[in-house]
Amino acid sequence: MKSGRKFIRSKMFTLLLVLAVLIVVFLILSKGSFLRPNNMKNIVDSMTVVSFLTIGAGCLMISGYIDLSVGAVGTLCGILMAKLLVLGVWWPIACLLTIAAGAICGIISAILVNELRFQAFIATMAMASITQGFMYIISSGQAVIINDAAVGKIGSGVIFGYLPVTLVLAVAAFIIYGVLMSGTKFGRDVYLVGGNPEAARLAGIYPKKISYILFFNSGALGGLAGMLFAARVKSATVTGIINSQFSGMTAAILGGVSFGGGAGGLGGAFVGLLILNAFNNGMMILGISPYWQTFASGIILIAALMLDYARASRRARSKLA
Amino acid sequence: MSRYLEFDGIGKAFPGVQALRGISFRAESGRVLALLGENGAGKSTLLKIMSGDLQPDEGRLLRDGEPAVFSSPFHAIKSGISVIYQERQIMPMMTVMENIFLDDAPRKMGVVSRKALKRQTQEIIDRFGLPIFPTETVGRLSVAYQQMVEIMKAYRRNSDVIAFDEPTAPLTDTEIAILFKLIGELKAAGKIIIYVSHRLTEIFKITDDIVILKDGQLVKTVETGRTDERELIRAMVGRDIGDTYSELKRNDVLGETVLDVQDLVTDVVHGVSFTLRKGEVLGFAGLAGAGRTEVVRAIFGADPIISGQIKLDGKTVRFKSPRDAIDAGIALCPEDRKEQGLVLLRSLKDNISMPVLRKIRRAIFLDKKAEVDLARRAVEKYSIKTPGVDKVVVELSGGNQQKVILGRWTSDKMTTKVLIFDEPTKGIDVGTKAEVYQMVCDFAKAGMGVIFISSELTEVINIADAILVMHNGHITGKVNREDATEENILRLAMLE
Amino acid sequence: MNNQSTVRRLLRNKTVSLALVTVAVVALFFFLSKDGSFLKTRNLRGILNMVSVTGTVAVGMACLLISGGVDLAASSEACLGGILCAMLLRAGISWPLALFLAIIYGAVAGAINAFLANVMNIMGFIATIGMSSVYTGLAKVFTDAKFISVNDKEFQKLGSSAIFGFVPVPFVIMLALMILYGFMLRYTRFGRRSYMCGGNPQAARLSGMSPNRTTTVLYINCGALSAFAGSVLASRMHSATATAAQSVAIDAITASVLGGISFMGGSGGIAGCFVGLMLLSAFNNGLNVVQLQSYWQLVAQGALLIIALCVEFFGERARLKALKRREP
């Protein structure tokens, strides 16, 4: 009884409520086609790639940083994998190298931020520009076709007849990272660093190490996402998943991850992701032009940030009470 | 020109603290009014209200009987009130003249005239008799000159009311003499001057009236000529403070040397050596910026060391990070609780378990039950007032926050040998202060070596077994408990 | 003796040394390019044309950076500004009015940015990133991702005519703006205020200024200048698209930071921004002329930004060290 009431007051409940309302509204507006199997597949497809970026961005934001290069890094990684496959590299090696490339990009950002004290957003913006250049250089701006059957299976295969592999991977990642963040020392360190890096350092935590690990992680997950996207569409292009870091960030912030760091969790981020995707898909299914979706994505990001601000100021108010 | 500035029943609350309550007094034109009180008595808050930076919760300001409401510093400055803050409000990248004139630079047809700007600045500098140039970058000046730039800024504004918040802290005697001469001139010109300082000798030298605050309340108003130092201290400290110290259960058994520092050199510290014995409380005194904090931060591995040797229990150690120091048994309660001590938006238990997370694990997961137990024990041990261990620390009072940090360093998962306190009683109320003093003595009794840094001289004198006095990155002397007086410590601290 | 110290002082000056670097880069490309085509009038004119749009945005961006803000939506504001201008012209509105309305749009966009940053307390960079999606979306909706042609002959002249045969009018406009804003920053009260609000907002507030008001004005200014730049671009290209000015925001930031404007606010000036801009465009265009793949430009862009920030970082560290030496 008491825990029930507590749940109703919780942030999670509000988020789930918003999600339910969105689903019902779109269900009615689309006359039921919103929940049809092939639309569900659309949702799953667009969601799985972004889910890795949501995890990467979520963890990074909880620690007080941000990585705007993930989309470009992921896209570069997709092209890299396709090229490696074309060169005849065995697919597991190609995949590993691809993820490693993403991780290296993350490490470079971490060096810029930690050693040279750049602000994270400008450092990663510069990184985005550089990786974007490299992706054009590698691909000459042309799409690279992926013929490898195994990779194709990862991208669009199903297990047990209907469970997409990517979805399984995404959900597994959410669970693993969720447990990592809420149940382990490392996760706690991330929150403490995000809350107050200097206090954390003076209490024996290494904020620098945490930041390196999280940039590394965000880059690697970006690489994985770019790879899965290329595998699903069976070709790698320079547009790939470019700019989808913003979707990842928006989902995380919507789900309660604080932009300033130190608060929120991956459970919320997951629901945030569902909300974002339900919304995008709903717009699509209602036949709203994709251009309006660009418009809407900006509005949602701003709205999520305003929500974040409202939460922060509510905390500040409760401070005064 | 206004004749007087009146504070009428001013009250102000912050989270967990009633900073000011019912403050009423009057500052008159042509007189210097001293605002006196210990750290955390509410002087700074009062100045901030006066300058429009904060709005009072209750009460009002009156000028010549007319209510004056300042919704921002802009309004206060426009109506002729200047406050020179303790934290310097300079623009380090800009020149002296730009800092002094800010956006009021002399203009010709709307355009800033650099020539006039330079000339007028030079005039002010000459008036103060300082060896600086109008075109110098302020960031390259020493702290003392930066402070003088601040003062020149207020002087230039020609305000009716000028408040100084501990202006002499970074100044040398000659500079202080110049400042006092200027204050005399301002006074003769009929300005209203409010002067905040700890230094009683200064108060007797230049002020006419004294207002004493204690714990946010006004305890005494008196004319300077009709009082003496003893009376002021009694009013500031309250009569119970002497008893607090005499009731302390001190440790009197000193063990062997636990910490031995030789020739420690960092960016700011120049060759500091001392030893600390088990069971000893070693005080560090000195003015702000003397290098006390930097010494302990270097020992703790928080700042890089250039040279020097540190021995802990006879073994030479060199800590690359606070983690190493913590593992070796050194703990630091930092100067700024909120900025460096606590993760304010996390719970009490999270803040207590911070350094020992690796010891409360089951497999790779945190043992949350063990963590809660750890926090509960700290809450009990130090009687922290909180509804539960999940309470966010930002909602606790200053004293309880300090106890959370103590709980962190003295939990049973820690093996602390050396416990360092940097200004532990800053901004906490008198009752909790007494508790903190007793805890410090208890830690010494338990065999830890304790380093106790404080700017409140009475506190260091009464708590520490021996006091090291620092000035400008050097140790200028060691005073034993028996010989410690405010005078001989201050003399060492202000050595020129 | 005295002479020598003047030279040394000049060399120490960031802007002067940067200008020397720029000259070196220009010389390098001159020798690398086939038969010196880098300095041929046609190519120079191309550079000036390119510079003028970025430069106009950079003026607004530089002022904003000095006051401690940043506008990453400047690109999309420029694109949408150009598109609005083109649409209004197509609707038969006279060109001065169309241009004016486009600038008004930019000002409104800037005001929204300022609202988000100052009132909603959202960090400037992320708020403007969000708004940039909004404007890009609108730009695509209005153009349907195609281009809108500009047929007004008078308006076309604004962007494509030249003085003395080869100095493009947009470049002259940009220079005029730079001089105007450089003067404003250096010699007016508002300029002083901008530096102070960027250098130490808390101190500025306690000195009776309103940092929020100052940045609001500069956000609006940056938006308006971006929209103006977009319109000029539309006039030169005789058309407007949703992608025309895609990289001007980051270019403008790079130019400013290269020119010594601190990302933390409070220092630098328009002269530096101008030299930074020249270096950036010499670089970009030079890579083209020496026939390196144009894709390397993207890499160079990011690398230059990182180099500029590195220079700032090491400069600041040296300054702090010098300061420490000076104090006993």
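Checked against (1) within 14 Å of chain A (Cβ to nearest Cβ); (2) surrounded by fewer than 24 Cβ atoms within 10 Å (Cβ to Cβ), C:L32 meets all criteria but (1). Scanning the range B:315-372 for residues that are closer than 11 Å to B:I405 by Cα and in a strand (DSSP E or B), we see that the one that is nearest to the other protein chains (Cβ to nearest Cβ) is B:L332. Could we say that A:A101 is at pLDDT 85 or above, touching a Cys at 6+ places or on another chain (Cβ under 7 Å) and closer than 26 Å to A:I138 by Cβ here? Considered against the rule, which asks whether it is at pLDDT 85 or above, touching a Cys at 6+ places or on another chain (Cβ under 7 Å) and closer than 26 Å to A:I138 by Cβ, A:A101 comes out as yes. For the range A:192-240, residues that are facing chain B (nearest Cβ under 10 Å), crowded, with 24+ Cβ neighbours inside 10 Å and not hydrophobic (A, V, I, L, M, F, W, C) total 3.
Each row is one residue, and each column tells you yes or no for (1) in contact with a Lys or Arg (Cβ under 8 Å, 6 or more places away or on another chain); (2) farther than 22 Å from C:S67 by Cβ; (3) at pLDDT below 90.
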residue	(1), (2), (3)
C:A162	yes, yes, yes
C:G165	no, yes, yes
C:F171	no, yes, no
C:M174	no, no, no
C:L177	no, no, no
C:Y181	no, no, no
C:R189	yes, no, yes
C:R192	no, no, yes
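Being within 14 Å of another protein chain (Cβ to nearest Cβ), surrounded by 17 or more Cβ atoms within 10 Å (Cβ to Cβ) and either in contact with a Pro (Cβ under 7 Å, 6 or more places away or on another chain) or part of a helix (DSSP H, G or I) (or both) holds for only one residue in A:I176, A:I108, and it is A:I108.
Residues that are within 14 Å of chain A (Cβ to nearest Cβ), touching a helix residue (DSSP H, G or I) at 6+ places or on another chain (Cβ under 8 Å) and not in a strand (DSSP E or B) are absent from the range B:274-281. If only residues of the range B:282-302 that are more than 17 Å from the chain's Cα centre (by Cα) and part of a loop (DSSP other than H, G, I, E, B) are counted, the one that is surrounded by the fewest Cβ atoms within 10 Å (Cβ to Cβ) is B:A302.
Annotation note: of A:A126, A:A150, A:A143, the sole residue that is at pLDDT below 95 and surrounded by 23 or more Cβ atoms within 10 Å (Cβ to Cβ) is A:A126.
If A:R188 meets every condition in (1) of a type in the set (K, R); (2) under 30 Å from B:R362 (Cβ atoms); (3) more than 10 Å from chain B (Cβ to nearest Cβ) apart from one, which number is that one? Condition (3) is where A:R188 drops out.
Put simply, of B:E223, B:E247, B:E256 the only residue that is over 22 Å from the mean Cα position of the chain (by Cα), over 30 Å from B:F300 (Cβ atoms), surrounded by fewer than 15 Cβ atoms within 10 Å (Cβ to Cβ) and not assigned by TED's automatic domain parsing to the domain that holds B:A41 is B:E247. Evaluate the range B:24-46: report whether one residue or more is at negative phi and within 14 Å of chain C (Cβ to nearest Cβ). Checking the range B:24-46: at least one residue is at negative phi and within 14 Å of chain C (Cβ to nearest Cβ). Considering the range A:125-155 alone, what residues qualify as being under 21 Å from the mean Cα position of the chain (by Cα) and farther than 15 Å from A:L80 by Cβ? Once the filter is applied, which keeps residues that are under 21 Å from the mean Cα position of the chain (by Cα) and farther than 15 Å from A:L80 by Cβ, the range A:125-155 yields A:M125, A:A126, A:M127, A:A128, A:S129, A:I154, A:G155.
Assess whether B:I451 counts as being in the same structural domain as B:A328 (by TED's automatic domain parsing), in a helix (DSSP H, G or I), touching a strand residue (DSSP E or B) at 6+ places or on another chain (Cβ under 9 Å) and in contact (Cβ under 8 Å) with a residue 12 or more places away in the chain. No: the conditions fail for B:I451.
Can you say whether B:V143 is within 27 Å of C:Y187 (Cβ to Cβ), within 10 Å of chain C (Cβ to nearest Cβ) and surrounded by fewer than 17 Cβ atoms within 10 Å (Cβ to Cβ), as far as the supplied structure shows? So B:V143 does not fit the description; no. Among the candidates B:S72, B:S82, B:S159, the residue that is small (G, A, S), within 28 Å of the chain's Cα centre (by Cα) and more than 10 Å from chain C (Cβ to nearest Cβ) is uniquely B:S159.
The values are calculated or read from the model by the stated rules, or taken from the named source; none is laboratory data. Nothing here was measured: the structure is a model prediction, and the numbers come from that model. Cβ sites come from the backbone with ideal geometry, for glycine too, and all protein chains shown count toward neighbours.
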